[in-house]
Amino acid sequence: VLGLLVWTLIAGTEYFRVPAFGWVMFVAVFYWVLTVFFLIIYITMTYTRIPQVPWTAVGLCFNGSAFVLYLSAAIVDASSVSPERDSHNFNSWAASSFFAFLVTVCYAGNTYFSFIAWRSRTIQ
């Protein structure tokens, strides 16, 4: 939900005037789609039907890459926000920056828990 907020807040503005928001949009939409994809896989328990895939490692790689790329996107988002005449763009961009950092924190926590699960799986 937070990732959806990031890209909808940017997409609702004239983000094409600031090229850096293209990177933020790419990261936000890409990881939102992948997160929904993995959510469907876990809800339908498809991962139990494909035991050849090391799902703990996949989760760790996914969450780790999402954390790193979302951190870079959040920094780019925050540094690209500047006040202008149209306060709608400024407010939306500032809110998207806040939510981008919030999503980054969530992915960081999820990366930590994925690492714990992966580590306990490899020790066995």
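The values are calculated or read from the model by the stated rules, or taken from the named source; none is laboratory data. Please read all numbers here as calculations on a predicted model, not as lab measurements. Ideal geometry is used to build each Cβ from the backbone, glycine not excepted, and the neighbour counts take in all protein chains shown. All accessible areas refer to the heavy atoms of the entire protein, side chains included, with ligands and DNA or RNA removed. Shrake-Rupley method; radii C 1.70, N 1.55, O 1.52, S 1.80 Å.
Here are a few things to note about the model shown:
- Looking across segment 33-91 at every residue that is among the polar types (S, T, N, Q) and not in a helix (DSSP H, G or I), the one that is most open to solvent (accessible area, probe 1.4 Å) is identified as 52.
- Residues that are open to solvent by less than 40 Å² (accessible area, probe 1.4 Å) and either touching a His at 6+ places or on another chain (Cβ under 9 Å) or farther than 14 Å from residue 31 by Cβ (or both), drawn from segment 100-116: 109, 114
- Unmet criterion (only one of (1) out of contact with any Gly (no Cβ under 8 Å at 6 or more places or on another chain); (2) open to solvent by 80 Å² or more (accessible area, probe 1.4 Å)) for residue 7: (2)
- Any hit, segment 59-71, residues being in contact with a helix residue (DSSP H, G or I) (Cβ under 7 Å, 6 or more places away or on another chain), within 30 Å of residue 121 (Cα to Cα) and at pLDDT below 90: no
- Scan of segment 13-32 for residues that are open to solvent by 50 Å² or more (accessible area, probe 1.4 Å) and farther than 27 Å from residue 60 by Cα, ordered by number: 14, 15, 16, 17, 19
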